[in-house]
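Student: I have a structure here, written as structure tokens, and I will follow up with some questions on it.
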Amino acid sequence: MELKIYQTREEVAKNFAAYFKQFVSERTVAHIALSGGSTPKIVFEELASNYSDQINWGNIHLYWGDERCVPPTDTESNYKMTKDFLLSKIIIPEQNIHRIRGENEPGDEAKAYSLLLEENLPIVNGIPQFDLVILGLGDDGHTASIFPHQIELWNAPEHCVVAQHPETGQNRVSITGSVINGAMEVTFLVTGYGKAPKVEEIINKTGQFKDYPGSLVAPESGNLIWFLDQAAAGRLKL
Ligand code: 6PG
């Protein structure tokens, strides 16, 4: 595991974008799972403003690690956020964008997206393998859309499941632990003071860390990188 800690969230975005460019330039094709949340949003802005012509987007296939079960035009949609801040500003073939269809019946969509992953990604030990999975961490320790109250979904045999947000009950479609930990590389993008307690518990393995889905992220490849700002990293004992 590697920790990269920057002073501000803007620096996290800049450095992550540079890492992203390097990562994709080393590959002919890269299958990448994106996440929702506030940190990816500024990363997308950075990629759109400074890398639109620096990256061969035609070599990149974009997927989502999770999606809220809402139409793609809804302000809650992770796809819409990505479209507004990145996809509408770069040149990428339509067929390289593989969104989770939040408007569909959730159970049907979880099955359909599992199949889509099987068809598009190499299968390693029975699991579709992403080159890169980008994750966020919720203030409650959730990651993708596997929340603490449904932590057992992490180990579901399916590649994708339907989960519920603990407060709103909103349905989400999320990839599961085997897909996350089967990826060639996994990155956490985590910024802000609200994240500091869970970041400390998860990385230092203290307190209730076992209750948080974020603590189960441990790619078999060993390639896990945390991109943190000082606010999120402030309680770490290094
Ligand atoms: C989602 C996300 C989720 C997110 C975290 C962190 O769709 O809800 O994929 O897992 O990454 O909640 O979000 P913030 O960066 O906004 O704190």
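The values are calculated or read from the model by the stated rules, or taken from the named source; none is laboratory data. Bear in mind the structure is a predicted one, so any value in this text is a computation, not a measurement. Here the Cβ positions follow ideal geometry from the backbone for every residue, glycine too, while neighbour counts run over all protein chains shown. Calculation scope for accessible area: heavy atoms of the full protein, side chains included, ligands and nucleic acids excluded. Shrake-Rupley method; radii C 1.70, N 1.55, O 1.52, S 1.80 Å.
Student: From the list ALA30, ALA13, ALA18, exactly one residue is without any contact (Cβ under 8 Å) to a residue 60 or more places away in the chain and open to solvent by less than 10 Å² (accessible area, probe 1.4 Å). Which is it? Spell out how you get there, then give the answer.
Tutor: Numbers: ALA30 fails: without any contact (Cβ under 8 Å) to a residue 60 or more places away in the chain; ALA18 fails: open to solvent by less than 10 Å² (accessible area, probe 1.4 Å).
Step by step, each of ALA30, ALA13, ALA18 is checked, and only ALA13 is without any contact (Cβ under 8 Å) to a residue 60 or more places away in the chain and open to solvent by less than 10 Å² (accessible area, probe 1.4 Å).
Student: Looking at GLN54, GLN95, can you tell me which residue is among the polar types (S, T, N, Q), closer than 23 Å to HIS159 by Cβ and surrounded by fewer than 17 Cβ atoms within 10 Å (Cβ to Cβ)? Spell out the reasoning first.
Tutor: Values: GLN54 fails: closer than 23 Å to HIS159 by Cβ.
Every option except GLN95 fails the conditions.
Let's see how each residue does on (1) among the charged types (D, E, K, R); (2) within 11 Å of the ligand (Cβ to nearest atom); (3) in contact with a Lys or Arg (Cβ under 7 Å, 6 or more places away or on another chain); (4) within 26 Å of GLN129 (Cβ to Cβ):
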{"site": "GLU158", "(1), (2), (3), (4)": "yes, no, no, yes"}
{"site": "SER174", "(1), (2), (3), (4)": "no, yes, no, yes"}
{"site": "GLY177", "(1), (2), (3), (4)": "no, no, no, yes"}
{"site": "GLY182", "(1), (2), (3), (4)": "no, no, no, yes"}
{"site": "PRO197", "(1), (2), (3), (4)": "no, no, yes, no"}
{"site": "GLU200", "(1), (2), (3), (4)": "yes, no, yes, no"}
{"site": "GLY222", "(1), (2), (3), (4)": "no, no, no, yes"}
{"site": "ALA231", "(1), (2), (3), (4)": "no, no, no, no"}
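Student: Hey, another quick one. Can you give me the ranges of the strands (runs of 3 or more DSSP E) entirely in region 123-238 with at least 2 residues that are modelled with pLDDT of 95 or more and of a type in the set (S, T, N, Q)?
Tutor: 171-175
Student: Condition check: more than 16 Å from the ligand (Cβ to nearest atom) and assigned to a loop (DSSP other than H, G, I, E, B). Does ILE100 satisfy that? Let's see the steps before the verdict.
Tutor: Values: more than 16 Å from the ligand (Cβ to nearest atom): no; assigned to a loop (DSSP other than H, G, I, E, B): yes.
Answer is no for this residue.
Student: Would you mind stating whether GLN164 is touching a residue at least 12 places away in the same chain (Cβ under 8 Å), open to solvent by 20 Å² or more (accessible area, probe 1.4 Å) and within 16 Å of the ligand (Cβ to nearest atom)?
Tutor: Values: touching a residue at least 12 places away in the same chain (Cβ under 8 Å): yes; open to solvent by 20 Å² or more (accessible area, probe 1.4 Å): yes; within 16 Å of the ligand (Cβ to nearest atom): yes.
The answer is yes for GLN164.
Student: Would you tally the residues in region 25-42 being part of a helix (DSSP H, G or I) and more than 10 Å from the ligand (Cβ to nearest atom)?
Tutor: Residues meeting the conditions: 1.
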